[in-house]
Each structure stands twice: as C-alpha cells, then as structure tokens.
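S.K.: Quick one: this structure, given as structure tokens, is what I'll be asking you about.
The values are calculated or read from the model by the stated rules, or taken from the named source; none is laboratory data. Everything numeric here is computed off the predicted structure, so don't read it as measured data. Cβ placement follows ideal geometry from the backbone for every residue including glycine, while neighbour counts extend to all protein chains displayed. These accessible areas exclude ligands, DNA and RNA; they are computed on the full protein's heavy atoms, side chains included. Shrake-Rupley method; radii C 1.70, N 1.55, O 1.52, S 1.80 Å.
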Amino acid sequence: CAVKAAQVLSEIAKNDEMKKPCIEADLVLTLIPFLESTDQEMLLHAGRAIGRICYDNRNLQEELVKVGVIPSLVRILTDHEESEPLIHVDLLALCNLADLDTAKEALSKTKVAEQLVKQLRRAENHERLEIIFEILQALAENDALKVQLVEAGVQEVLSDILLRLQGSSQAEGTCIVKATSDLIVSLLLGGNKQPTHRAQTKIPRILNLYYLISFAASHLTIPYFVSPLSLDGNCVRMVQVGVIHQLLDLLEKHVESEDISVQHAALSALRNLAIPVVNKVQMLEEGVAERIQALLRSEMPPMQFKLLGTLRMLADGQADAAEILGQDPMLLNRLVQWCDVNDDTDICGEANRLLASILRHNRSQEVVKAVQEAQGVKHLVSMTMSEHAAIQNEALNALAIASTIDLETLEDCFKELQLVQSLHKLLQDDNTSAEVKYNSMGLLCSLLNSGRLRREIEDNKIKETLEQLCSHSNADVVKEALITLQILKGES
C-alpha cells in the first residue's frame, strides 16, 4: 500500500491547511527513505508529497538537506532521465532547496552540474527551461559549483540557446534570453576564488555574446572587448569603462516596471561588480551608494533585496562607506522598518546584515549614535540568537566594535535588551558553535569596561561558565575564556 499512501499524501499536501498536520505527524521523515526506491511511481508520489509539505518552509528544507536528501535527488536525475514527470518533480525539489548554503555545499560534492547541463540541453518547453535556470542561478553563487558548471559545458548550451532565440519577438523567448544572460553574468562575475585554468579560459569566450544579447535587448550597448583575464580582472575593467552607471540608468528606467527580469539581471551584475576592493572605492567616489539608495524607494521586494545586498557589499571592509551609510537617517529608519518585516524573511535578513555591516566596518562615534537613535541595536541583539552561526557572528562582531567605539551610548540599551543574559545563554548552550562562543566572549570583554554592565555580568554568575569553558575542546575558546576571566577579575 506504500505507493497508494504516498499518492494520497501528495494530494492532501496540495492544501495549505493540511501541511501543518503532515509536519506534526512526522510524515516528511517517514517519506524520505522512499526516495531510495527503484519504483518510479513511488519516487514520483513521495517526491511530490515531500515537496508540497516543505514548500516555503525554510526550517524543514534545512532539515531535508541535513538528513541527506541531496544525493537522492541527484541520483534520481541520473537514473531516471527519460521519465519526464519524475524529472519535473525532482527539478522542482532542487529549485526549492538550491538557495540554501547547506544545499549548495552538499550539491558541490555530487555530479549535479553534469546532470543539470544535460537536462538544460534536453529542455524543450519554456517552463522546464525556467526551472533549470532558477536552479543554475542559485548554484552559480557557489565557487565550486560555478567551476563544475563551466567544466560540464554549460557555456556552450547557453550560447546555443542565445543564438537560437536571437531576434525572437515572443514574450517567452525574450524572457529566456534575459534569464540566459543573467546566468552568464553570474558565471562571469562574483566569487573571490579563482576558477581552474579550464574554467578561466572558457568563461570569457561568452562575455561579448552576453553584451550583444542581454544589453542590446534592453536598448543598451557596451562596445567592450575582453582579453582572457581573471574574473576579478573582468569586474575591474567593466567598472573602469562605466558599466556601473549604465546599469543604474537601466534600473532607473525599469524601477516601476512589472517585468522584473531586466531588473534582476542588472541587479545581479551590480552586486557582483561591487566585490573587488578597488571597485568599491571607485563606486563610492562616483556616488553609486547615493544612486542605489534612491532606487530603494521601489516597493518591489526582489529589487529591495538585491539593492540591500549591493550596499552591504560596498560597505564590506570600507570604513568610508560605512560612515556614509551609517549617518543617513532616512536609510537607517528604512532598514529598521525592514528588520521588522516578518512576511519577507529575505528582506528582513538582508536589512539586518546591512545594519551589522555598517557597525562592523565603521570607526565613528556618530554612526554608533545614529544606529542607536534609529533603534537598530535591538535588531542586532536579536541577531545574536539567530539559528545561523554566520549571522550570529556578524552581529556579535558588530556589537563588539560598536561597544569599543562608544559603550556609553549603548549601555542603557544593552541593559534593557538583556544582552548579558543572551550572551550567557550562548556560552552555556552546548549547541553553540566554537566561533560564536569565542565572539561572545570578545563582546563580553568590551562590556566589562562599563561598571554597570560588569556588575550585571557578575550577578549572572558568568564566571562559573567561563571557568567551565577553560576545558573546552577548542583551543581558541579556551584561550578567550582565560582572557575574559582575567579581565573579569581585574587582572591586566
């Protein structure tokens, strides 16, 4: 009866109201082993049921990756490439998971690039192409997967698609051209690691084609010929010839447009061009930050998300940028509003990260005061309790730097928000990562410079927890615990 039961579940899970009961009954974990079945019908129904129950539920999706669903999905792609319904369900599952960093890491250890390029070559309808492009766009944000895609020959397939659709006046054809161009941008730009020699020589071959098709389609031409440089070299050359302002002009023309495909392509390129340090400096000098802030008036979440990411990339390691952004009351107030948005976790998360980045790279008391006045500190304290260690560390480092710069401005807020108690929880929790414990103690050391916060630390009996951490398995945690104890005891 297993196949029929899976079919019933896949139908039940179509109803949003039934997803919660399915989750509470642990049906997802029950269904996962059936993804190892050799029965195509079982795979189809189990895949549909899992996908529908987990759709738009990030915690469940993370759990799927954690229990090892990624190798099963890639195996299905490999073993059942002739079964259209099964491949469709499998691609939808990959599409839902591909944005997760944990999924990208798991996928980088498989031959998913080879299989996706094969499916891209076989795809004949618009819907299938759209799904594959969405997966590839997400995977191209990972350096290892980007190289694997190029080595699997994705550039030849993309070139064939562009040449086939060149001059197409149909809406679907135009959409695919833009999606193809957008993916080429992702392959060309972004990522701090250098690709392998094979990937490095292949990527620039399609650069001119990208300009001819993507920007020409948007009534923008850039007469630019590229030698086989590194990815960072290409980024620098593009900024030098003025691509940034042409991208911003393009965005401003389409800021209220319902067709977000042009916006998406331009925003992706803009964010990636902001990665090299030399580009950050030039972009700031040319007033790019101000133009981006003006574009934030858009009420379209995808545009807001990408623009916030670009600003964060500009502020990364740049004290001048952090000072400019951190003293703009209108931007700070908008960021704080977005930090409170619960119905769009992407915007909320990116706003929080930009706020943390401003404080982390800032060296000015004025910025600390401005963030405090905008009521942004409470969001950074909330970030310290995130379920993601990377987010926690960004917040802890930002608060530590802000405390070093101007603790007097922050101590009342820290007491009200019970920051000391939050740090104590992180230090006591066995599930807290070593790096988070280390950074939590770094922040504690800054807080000990305040008499009021020192008393609070003493009252919370953090000393005993620090003494326990002196026998931690991580050497850095042990060292930081000893230092924190010395400062707590008033030793030099």
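S.K.: What's the number of the only condition in (1) in contact with a helix residue (DSSP H, G or I) (Cβ under 6 Å, 6 or more places away or on another chain); (2) more than 26 Å from Gln246 (Cα to Cα) that Glu366 fails to meet?
M.R.: That leaves (1) as the condition not met.
S.K.: Find all pairs meeting these conditions: Cβ atoms under 7 angstrom apart; at least six residues apart or on different chains; first residue within the stretch 234-245 and modelled with pLDDT of 75 or more and among the β-branched types (Val, Ile, Thr); second residue open to solvent by less than 50 Å² (accessible area, probe 1.4 Å) and not in a helix (DSSP H, G or I).
M.R.: From residues that are modelled with pLDDT of 75 or more and among the β-branched types (Val, Ile, Thr), the pairs are Val236/Pro276.
S.K.: Follow-up. Give the stretch 68-114 a look and list any residue that's basic (Lys, Arg) and either open to solvent by 50 Å² or more (accessible area, probe 1.4 Å) or in a loop (DSSP other than H, G, I, E, B) (or both), or say none.
M.R.: Arg75, Lys109, Lys111
S.K.: Ok, one more. Test Gln263 against the criterion of being at pLDDT 80 or above, polar (S, T, N, Q) and not in a loop (DSSP other than H, G, I, E, B), and give yes or no.
M.R.: Against the criterion (at pLDDT 80 or above, polar (S, T, N, Q) and not in a loop (DSSP other than H, G, I, E, B)), Gln263 does not qualify.
S.K.: Only helices (runs of 4 or more DSSP H) wholly contained in the stretch 385-479 count here; list those with 3 or more residues that are in contact (Cβ under 8 Å) with a residue 12 or more places away in the chain, of a type outside the set (A, V, I, L, M, F, W, C) and within 30 Å of Asp101 (Cα to Cα).
M.R.: Once the helices (runs of 4 or more DSSP H) in the stretch 385-479 are filtered for at least 3 residues that are in contact (Cβ under 8 Å) with a residue 12 or more places away in the chain, of a type outside the set (A, V, I, L, M, F, W, C) and within 30 Å of Asp101 (Cα to Cα), what remains is 389-416, 419-428, 434-447.
Quick grid of which residues meet (1) farther than 20 Å from Val236 by Cβ; (2) surrounded by 17 or more Cβ atoms within 10 Å (Cβ to Cβ); (3) at pLDDT below 80; (4) of a type in the set (S, T, N, Q):
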residue: His126; (1), (2), (3), (4): yes, no, no, no
residue: Leu149; (1), (2), (3), (4): yes, yes, no, no
residue: Leu163; (1), (2), (3), (4): yes, no, yes, no
residue: His219; (1), (2), (3), (4): yes, no, yes, no
